[in-house]
Amino acid sequence: PPPKPWVQAAMGRNKIPYWVMPVLLFLPIWVFMYIGTLEDPTRAATGILADGAEVYAAQCAVCHLASGGGSGTGPQLNDGEVLLTFPDDPENLGLAQHVTWVAIATDGTGEGNPYGSPERGREAGWFANMPGHWDELSGTEILAVVLYERVTHGESDVAATLAPLVDQLLADGTLVLPDQFDENATPEDVAGFLAPLLAAGDGA
């Protein structure tokens, strides 16, 4: 006997093309990956942080992503990861180490040599060879991008407090940063430049 009318109607309907199903399955993954490239808008950048955002977009996002989520050529910074390597501490050594690392990176540190917090156990070149920026960014630009990373990706309240102080101290000449950090700069060298900022931060 011929099929019932409703069966014939069902058989005559257009079917979903076979190639659509893999696309639909991949769609949630694509959405997640796309969101990961977006910058967290919860903290608006102004002053030194706005400068840092520009430097980050131009120099850092290609490896670490705009979100700080990391990629095959740059480790994750967001969700506080950056503060595990360069933690906030009473002496602000983590800040000085962070500035030093951005300035001299793998080449200046020496592949296999430790950097950042000893508890983190990072060695230069463990993930990829990061280029130093001492010769292309000014001391102010490096401090700007470091503060931006710490506030935006590390959600550091300490860095958020220091940022407006940087604007103030740069404007009145109390904080003077070099046109370029030395290619062999150490955290102690950087801490010397940052001493006026750290002293002002202690009194804030």
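What the table below lists for this structure:
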quantity: Tally of residues being surrounded by fewer than 23 Cβ atoms within 10 Å (Cβ to Cβ) and not in a helix (DSSP H, G or I) across the range 135-165; calculated: 5
quantity: Residue in the range 83-104 that is outside any helix (DSSP H, G or I), aliphatic (A, V, I, L, M) and within 25 Å of Glu188 (Cβ to Cβ) present; calculated: no
quantity: Flag if Glu155 is within 18 Å of Leu93 (Cα to Cα) and touching a strand residue (DSSP E or B) at 6+ places or on another chain (Cβ under 8 Å); calculated: no
quantity: Leading residue by the ranking (nearest to Leu143 (Cα to Cα)) among those in the range 69-127 that are within 12 Å of the chain's Cα centre (by Cα) and among the aliphatic types (A, V, I, L, M); calculated: Val102
quantity: In the range 145-180, the residues that are of a type outside the set (A, V, I, L, M) and under 21 Å from Asp135 (Cα atoms); calculated: Tyr148, Glu149, Pro178, Asp179, Gln180
quantity: Test for Asp107: is it modelled with pLDDT under 95, in a helix (DSSP H, G or I) and closer than 19 Å to Asp189 by Cα; calculated: yes
quantity: Selected residue [modelled with pLDDT of 95 or more and of a type outside the set (Phe, Trp, Tyr)] from Ala160, Ala199; calculated: Ala160
quantity: Residues satisfying the stated conditions in the range 73-124, i.e. on the phi > 0 side of the Ramachandran plot and surrounded by fewer than 17 Cβ atoms within 10 Å (Cβ to Cβ); calculated: Asp79, Gly80, Gly110, Gly112, Gly121
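The values are calculated or read from the model by the stated rules, or taken from the named source; none is laboratory data. Predicted model, so just to flag it, every value in this text is computed and none were measured. As a convention, Cβ positions derive from the backbone with ideal geometry for all residues, glycine included, and neighbour counts pool all protein chains shown.
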